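Scroll down for the structure; my scribbles are underneath it.
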2 protein chains.
Amino acid sequence: MKLFTFFLVAVATMAGLVAIIAAAQGHADGGPAPIFVTEIPHGYRDWKWISSAHEAGKLNSLGAVLGNDVAINSYREGKLPFPDGTIIAALHYRNVPSEENNKVFGQAQSFVPGPPTNIQFMVKDSKKYAATGGWGFAHFADDKPGDVAFMKTCFPCHEKAKATDLVFTRYAP
Amino acid sequence: MKLFTFFLVAVATMAGLVAIIAAAQGHADGGPAPIFVTEIPHGYRDWKWISSAHEAGKLNSLGAVLGNDVAINSYREGKLPFPDGTIIAALHYRNVPSEENNKVFGQAQSFVPGPPTNIQFMVKDSKKYAATGGWGFAHFADDKPGDVAFMKTCFPCHEKAKATDLVFTRYAP
């Protein structure tokens, strides 16, 4: 009897672990909904420009936000929420001075994208990503997705931009 | 006779003025080559993203550089000089802090494009713009082209980037 109890507990623990891992990886069939995107959306480097962004401080980042056609149309029409099929890409680079430009300007003023740091995506699928506001989040550094702990930080932060459907970036005219 | 001389001088003066205005506007038929572009290239806001740029100091600018397909292909193939038909657009905005983003980050670190300041173009036509390295330069603020004195400053500065066919901006991977 004791052995049987141990067996039951072991099975339950295993099942629990499998469920946690599946939920974390977003690969559960019929299990919890996936919480993030693990594949780089195709052709994003050809998408249209939404805006640029510079983060000073520790991030020290300079980059651009691009959108697929669904994203661009939605931005231009000023319609919220973004429809399913929207994908927004944030391309981040180290913010570095351009020695070449500064020489021409005669002073240190010019900053350009240096080495790429990461690419992030927001993919709208209101059913698949219902648990995270309809958005699947993605982060890739050296083509590798962010780990589970990191990916869990996306939604709580973006949730603060509720008025603009969890999207921080505005369209630059 | 005196009247006739006056008439001749007047005609010569008028002709001279017309020639100066035509050269300045780049509309001279068979006259001096046009030195700059006076029409905003069609559809530039839909072009692909080449890179972002931040100019600190007096310019205090944040923006993006976009290119038509000829430009993008040339950048990606790494071929110089850029072929005729290349158009490169620089969209400039005032570099402003994003109060909204800073609230979420909990510190002042986020900068975004504010009000548009100007749009600049480089149009490659090695015959038409032979006098300025094959490039026609354009600058528009509030849809109005820059004045002649201002436009004359483009080429001498861009000429310093001879190694990259007068183009400062590099393609961000």
Checklist entry - Would you pick out the residues in the range A:31-53 that are over 27 Å from B:Pro97 (Cβ atoms) and within 7 Å of chain B (Cβ to nearest Cβ)? => result A:Asp46
Item to check | Pairs where the first residue, in the range A:148-168, is more than 18 Å from A:Ile87 (Cα to Cα) and the second is surrounded by 13 or more Cβ atoms within 10 Å (Cβ to Cβ) and not β-branched (Val, Ile, Thr), C-beta under 7 Å, 6+ apart | outcome: A:Val148/A:Ala24; A:Phe150/A:His139
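Each row is one residue, and each column tells you yes or no for (1) open to solvent by 40 Å² or more (accessible area, probe 1.4 Å); (2) among the aliphatic types (A, V, I, L, M).
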| position | (1), (2) |
| --- | --- |
| A:Glu39 | yes, no |
| A:Gly43 | no, no |
| A:Asp46 | yes, no |
| A:Ile50 | no, yes |
| A:Gly57 | yes, no |
| A:Ser61 | no, no |
| A:Val65 | no, yes |
| A:Ala71 | no, yes |
| A:Glu77 | yes, no |
Checklist outcome for this item: In the set B:Ala64, B:Ala56, the lone residue that is more than 17 Å from the chain's Cα centre (by Cα), within 19 Å of A:Glu55 (Cβ to Cβ) and at the interface with chain A (Cβ under 9 Å from one of its Cβ atoms) is B:Ala56
Checklist entry - For the range B:138-173, what are the residues that are open to solvent by 50 Å² or more (accessible area, probe 1.4 Å) and either polar (S, T, N, Q) or under 9 Å from the mean Cα position of the chain (by Cα) (or both)? => result B:Thr153
Checklist entry - Does at least one position in the range B:101-112 carry a residue that is modelled with pLDDT of 95 or more and not hydrophobic (A, V, I, L, M, F, W, C)? => result no
Item to check | Qualifying positions in the range B:131-173 - out of contact with any strand residue (DSSP E or B) (no Cβ under 9 Å at 6 or more places or on another chain) and part of a helix (DSSP H, G or I) | outcome: B:Ala131, B:Ala149, B:Pro156, B:Cys157, B:Glu159, B:Lys160, B:Ala161, B:Lys162, B:Ala163, B:Thr164
Item to check | Of residues in the range B:95-137 being among the aliphatic types (A, V, I, L, M), without any contact (Cβ under 8 Å) to a residue 40 or more places away in the chain and at the interface with another protein chain (Cβ under 10 Å from one of its Cβ atoms), the one most open to solvent (accessible area, probe 1.4 Å) | outcome: B:Ala108
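The values are calculated or read from the model by the stated rules, or taken from the named source; none is laboratory data. Source: prediction; values computed, not measured. Please note: Cβ atoms are built from the backbone with ideal geometry, for glycine as well, and neighbour counts cover all protein chains shown. Side chains included, ligands, DNA and RNA excluded: accessible areas come from the protein's heavy atoms. Shrake-Rupley method; radii C 1.70, N 1.55, O 1.52, S 1.80 Å.
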